[in-house]
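Q: My questions will all concern the structure given below.
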Amino acid sequence: MRERREYMFTLVRQWRESGLTRQEFCLQHGITLSKFGYWISRWKEDQFGGDNGFIPMGSPKMAGHSVLSVIYPNGVRLEVPSADLGLLSRLIALA
């Protein structure tokens, strides 16, 4: 099973670098779309810990900047360095 996992994770990395859609990549490699989707989710869990759909980016507080929080109506909270006003503007526009 470990060999299969490593093989599929290699394919996931290749797909991410390929610029192809999932469907195109699967057709080229003879993989079903559903099976590949499963391995993508397993790869994300392995890389980022958990399957909550978020990718950790580090704490902006560690960068030596003050931090501003954007809290969306759905309760999602983002903390961004206050020095990056362009990013802050784009995040507010998404609300």
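Just so you know, all these numbers are worked out from the coordinates, no wet-lab data involved. As the structure is a computational prediction, the values presented were derived from the model and not from experiment. Glycine also receives a Cβ, built like all others from the backbone with ideal geometry; neighbour counts cover every protein chain displayed.
Q: Around LEU68, which amide H atoms from residues at least 5 apart in sequence, or from another chain, sit under 5 Å from its own amide H, with H modelled in the peptide plane?
A: VAL80, SER82
Q: Okay, moving on. Can you run phi through the Karplus equation (6.51, -1.76, 1.60; θ = phi - 60°) for the stretch 2-13 and list ³J(HN,Hα) in whole Hz, with x for Gly and Pro?
A: Those phi angles translate into 4, 5, 4, 4, 4, 4, 5, 5, 4, 5, 4, 4 Hz.
Q: What spacing in nm lies between the two simple spin-label points modelled at MET1 and THR32, each 7 Å away from Cα in the Cβ direction?
A: My value for the distance between the label points is 1.9 nm.
Q: Given 37 °C and 0.692 mPa s, compute D for the stretch 2-48 with the Stokes-Einstein relation, Rh being the Kirkwood radius over Cα pairs; round to the nearest whole µm²/s.
A: So the translational diffusion coefficient is about 309 µm²/s.
Q: Another question, then. Taking R0 as 41 Å, what FRET efficiency do you get between ILE71 and GLU17 from their Cβ-Cβ distance, rounded to the nearest 0.05?
A: Working from the Cβ atoms, E equals 0.75.
Q: Give me the net charge of ARG22's neighbourhood, meaning all other residues with Cβ under 15 Å from the Cβ of ARG22; Lys, Arg count +1, Asp, Glu -1.
A: That works out to +3.
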